[in-house]
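A.B. asks: Input: one structure, supplied below.
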Amino acid sequence: MDILAGLNPEQIEAVTLPHRSALILAGAGSGKTRVLTSRIAHLIQKQGVSPHEILAVTFTNKAAREMTARISAMLPINIRGMWIGTFHGLCNRMLRAHHREAGLPETFQIMDSADQLAMVKRVIRSLNLDDEKYPPKQLQHFINGSKEEGLRPHDVSVYDTFTRTQQEIFSAYEAQCNREGVVDFAELLLRSFELLKRNEILREHYQTRFRHLLIDEFQDTNRLQYQWLKLLAGKDSAIFAVGDDDQSIYAFRGADTGNMRELERDFHIRDIIKLEQNYRSHGNILDAANALIRHNASRLGKNLWTSDARGEKLRFYQAPTDLQEAEYIVEEIQSLHSGGVPLNDIALLYRSNAQSRVLEHALFNASLSYRVYGGLRFFERQEIKHALAYLRLVHNPDDDGALLRVINFPARGIGAKTIESLQATAGGGSLWAAARGKGRKIDDFIRLIEAMQRECHGAALAETVETVIEMSGLKSHYLHEKDGEDRLENLDELVNAAALFESEGDPLVEFLSHAALEAGERQSGEGSDAVQLMTVHSAKGLEFHAVFVSGLEEGLFPHSNSRNEAGGIEEERRLMYVALTRARRRLYLSCAQSRMLHGQTNYNIPSRFLKEIPEELIQPIGIAEFGDAPASFSGKASPWRIGANVFHPKFGEGVVLACEGAEQVQVNFRRAGMKWLALEYANLIAI
């Protein structure tokens with residue numbers, strides 16, 4: 001088999017490099033997996049390298065399996081002994097081989113995330129600590145985050161009593177893991193790193209053995225992963241790192257694009273090969289992505305291109321409301337599908353999970369099959385099911401299923417034995433009826449539900465939902481979770497759903513029935529023909545014939561949190577770049593001029609990312625056309641206020657609906673047929 005057949009000049013250069021370290025900047029859709037596998041095959045077949053001298057690291061088990069399968073197809077030899085796998089998989093392999101040196105029992109077990117959380121809870125109880133003051137989930141993140149930075153309990157900086165207690169819990173957790181002979185995922189990498197660092201003989205053994213280290217998705221490595229790789233690389237080793245700094249979107253997980261620059265310095269990289277030819281997307285899509293990402297200052301720089309056609313322009317739709325945005329998307333999906341595009345080759349992307357609710361509802365009403373990729377449908381999410389269970393109890397306290405779900409969530413000290421005793425007392429009757437007098441904590445729960453019923457009596461549906469979320473403690477619970485932001489956004493979206501819900505009878509009863517029906521309609525299984533819904537983070541590595549990027553509004557995408565974080569806007573722009581480069585043929589961009597938030601209508605300004613795409617690449621759709629607004633200022637910006645009457649020579653009279661600092665203003669123009677636009681303060685006159 002000719003390994004180089006079909007490769008372009010840059011790919012051939014990367015595959016045939018002599019024995020020295022190199023950095024391969026592989027753009028989206030540039031064939032990086034083929035380059036990696038061809039490099040390994042070339043090393044073995046043409047450069048005489050033994051498979052045992054090669055270590056290849058990927059970020060997912062799926063990628064590792066794909067790499068192994070491709071190499072097996074290219075070479076007529078057995079590569080079973082080759083070290084190909086994820087960081088965690090390879091570290092596990094090393095620790096199994098050297099368990100004594102690592103201080104582990106031969107049969108050590110690996111805890112998954114749920115097992116680890118259960119152990120953290122046991123440790124908190126053993127220390128007689130309040131799990132509300134020290135939430136187990138937050139402590140789990142603290143432990144894992146510390147380990148990923150290479151820190152043991154004694155290395156953690158202590159600033160106050162709270163941090164000192166966290167350190168003590170971390171220490172007790174480690175002791176418990178050692179007693180039970182178990183490790184968590186973060187421990188695999190840290191213990192493997194420590195083993196190599198302190199055991200010089202072992203380190204030299206692996207440095208001599210692995211003369212070729214190949215790393216996929218290098219931009220996603222964190223500090224400890226890079227330090228581990230440095231320990232494995234001896235003076236005669238060559239690192240072949242493949243990555244794309246423009247697709248680094250996991251800073252929240254510790255990914256550090258600075259590792260690319262450190263690699264250049266630490267390994268004296270003189271070969272930086274850019275794979276810029278894209279085999280996925282049409283030219284207009286790539287031009288839009290290139291124009292967008294150029295606004296990031298801290299990047300190594302490359303420019304995607306294709307020998308394929310220019311293709312269609314990007315379609316942009318500015319909807320009056322988020323509901324109309326969803327309707328437009330559904331209509332376009334139906335049109336694409338009737339034109340022969342399979343539903344599973346259509347992706348609907350959004351920045352935050354909570355956005356899926358409106359989109360799911362529109363798809364559900366249109367009887368279009370869909371699947372939430374890498375996650376749960378809206379009404380199946382844990383926090384939504386908890387909130388609905390409280391609402392069910394407000395309506396009917398004899399609902400045993402709802403009661404069992406939330407009687408101890410958030411935790412209120414009602415354990416499994418107490419619940420078993422309650423069920424035994426109830427026999428076949430209602431748990432609620434049997435609950436009174438069964439202890440102070442259960443009585444407190446009964447009083448809480450009764451207080452909710454009084455508070456919600458006669459209230460509007462949205463107010464009822466908001467009250468229940470607040471009084472139940474769900475909001476407070478998720479507020480204290482490190483990753484609780486998504487769950488809080490979903491709870492807010494539940495309030496929005498209630499505010500928009502129309503009923504002819506009892507609103508609460510009909511709303512609960514509606515939620516049950518949508519949750520009961522099981523989403524399409526993997527592999528079936530269904531529209532793919534996902535966050536942009538989940539979409540990385542995937543591609544589709546048609547891609548819809550929805551909710552392109554300031555505060556949503558880019559996310560409002562990014563404004564307060566160093567490099568936050570640049571990371572959001574990289575995320576947008578990833579979204580654009582998922583599309584092969586059709587790319588749709590959309591935003592809503594108004595969107596429900598916390599049960600209230602909010603007026604939005606289109607995302608800055610839309611302005612960063614050249615107008616000639618965009619085909620506006622709908623009443624409010626992209627690019628209608630004048631591009632230049634005339635005079636200084638005035639301090640417009642919401643409700644102010646204004647006049648524009650092109651659009652006539654209007655009313656200010658929203659302002660964005662001294663940059664933009666939203667105006668509703670009164671002229672017949674004219675919806676409202678986001679304008680720069682150009683030629684506006686106060687009247």
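A.B. asks: Return the calculated 222 nm mean residue ellipticity for the chain, to the nearest 500 deg cm²/dmol, obtained by summing -39500 (n - 2.57) across DSSP H runs with n ≥ 4 and dividing by the residue count. Could you put the intermediate results ahead of the total?
C.D. replies: Working: 27 runs with 300 residues, N = 687.
Calculated mean residue ellipticity at 222 nm is -13500 deg cm²/dmol.
A.B. asks: Please give the solvent-accessible surface of Tyr317 in Å², to the nearest 10, using a probe radius of 1.4 Å with every protein chain present.
C.D. replies: Spelled out: Tyr317, probe radius 1.4 Å, area about 40 Å².
A.B. asks: Whole-Hz Karplus ³J(HN,Hα) for segment 378-395, in order, using 6.51 cos²θ - 1.76 cosθ + 1.60 and θ = phi - 60°, x for Gly and Pro?
C.D. replies: Per-residue couplings from phi come out as 3, 6, 9, 6, 3, 5, 6, 5, 5, 4, 5, 5, 4, 5, 4, 5, 4, 6 Hz.
A.B. asks: What is the Cα centroid distance between segment 387-403 and segment 28-79, reported in whole angstrom?
C.D. replies: If you average the Cα positions of each part, the centres end up 55 Å apart.
A.B. asks: I'd like the antiparallel share, as a percent to the nearest 5, of DSSP beta bridges with both residues in segment 477-617.
C.D. replies: Numbers: 6 of 12 bridges.
Approximately 50 percent, going by the DSSP bridge assignments.
A.B. asks: With point charges of +1 on the Cβ of Lys and Arg and -1 on the Cβ of Asp and Glu, referenced to the Cα centre of the chain, which listed residue (Asn284, Ser298, Leu213) lies farthest in the positive direction of the dipole?
C.D. replies: Leu213
A.B. asks: Using alpha carbon centroids, what distance separates segment 490-519 and segment 218-284, in Å?
C.D. replies: That distance is 47 Å.
A.B. asks: Just the number, please: carbon plus sulfur as a percent of the accessible area of the chain, 1.4 Å probe, no ligands or DNA/RNA counted. Intermediate results must be reported in sequence, preceding the final value.
C.D. replies: Numbers: 14420 of 30120 Å².
After summing per-atom areas, the C and S share lands at 48 percent.
A.B. asks: Using protein chains only and a probe of 1.4 angstrom, how many square angstrom of Lys197 are accessible, to the nearest 10?
C.D. replies: Its heavy atoms expose roughly 130 Å² to the probe.
A.B. asks: Also, I was wondering about something else. Once amide H atoms are built 1.01 Å from N in the peptide plane, which residues 5 or more positions from Ile84, or in another chain, come under 5 Å H to H?
C.D. replies: It is Ala56, by chain and number.
A.B. asks: Each residue of segment 16-33 in order: what ³J(HN,Hα) in whole Hz does its phi give by Karplus 6.51 cos²θ - 1.76 cosθ + 1.60, θ = phi - 60°, with x for Gly and Pro?
C.D. replies: These are the phi-based 3J(HN,Hα) values: 9, 3, x, 6, 7, 6, 8, 10, 9, 7, 9, x, 4, x, 9, x, 5, 5 Hz.
A.B. asks: Non-local amide H neighbours of Leu589 (under 5 Å, H modeled in plane, Pro and chain starts lacking H): which ones?
C.D. replies: Hits under the 5 Å cutoff: Arg315, Phe316, Tyr317, Val549.
A.B. asks: Excluding residues on the same chain fewer than 8 positions from Lys302, give the lysines whose Cα lies under 18 Å from its Cα.
C.D. replies: Counting by Cα, and skipping residues close in sequence, Lys302 has these lysines nearby: Lys32, Lys274.
A.B. asks: Hey, what do the phi angles of segment 38-52 turn into as Karplus ³J(HN,Hα) couplings, whole Hz, using 6.51/-1.76/1.60 and θ = phi - 60°, x for Gly and Pro?
C.D. replies: 5, 4, 4, 4, 5, 4, 6, 7, 9, 9, x, 7, 6, x, 6
A.B. asks: Taking amide hydrogens as modeled 1.01 Å from N in the peptide plane, which residues meet the under 5 Å criterion relative to Ala238, leaving out close sequence neighbours?
C.D. replies: His212, Leu213
A.B. asks: Ranked by accessible surface with a 1.4 Å probe, highest first, in what order do Ser594, Ser171 come? Don't jump to the answer; show the numbers that get you there.
C.D. replies: Working: Ser594 15, Ser171 60 Å².
Most to least solvent-accessible, the answer reads Ser171, Ser594.
A.B. asks: Taking 23 Å as the cut-off for C-alpha to C-alpha distance, list the pairs among Lys417/Lys475; Lys137/Lys385; Lys385/Lys540 that go past it. Please report the intermediate quantities before stating the final value.
C.D. replies: On the way: Lys417/Lys475 27 Å; Lys137/Lys385 19 Å; Lys385/Lys540 28 Å.
Table pairs above 23 Å Cα-Cα are Lys417/Lys475; Lys385/Lys540.
A.B. asks: Let me ask you something else. Just the number please: accessible area per residue for the chain, 1.4 Å probe, all protein chains included, in Å².
C.D. replies: It amounts to 44 Å² per residue over the chain.
The values are calculated or read from the model by the stated rules, or taken from the named source; none is laboratory data. What you are looking at is a predicted structure, and each value in this text was computed from that prediction instead of being measured. Cβ sites come from the backbone with ideal geometry, for glycine too, and all protein chains shown count toward neighbours. These area figures cover heavy atoms from the full protein model, side chains too; ligands, DNA and RNA do not enter into them. Shrake-Rupley method; radii C 1.70, N 1.55, O 1.52, S 1.80 Å.
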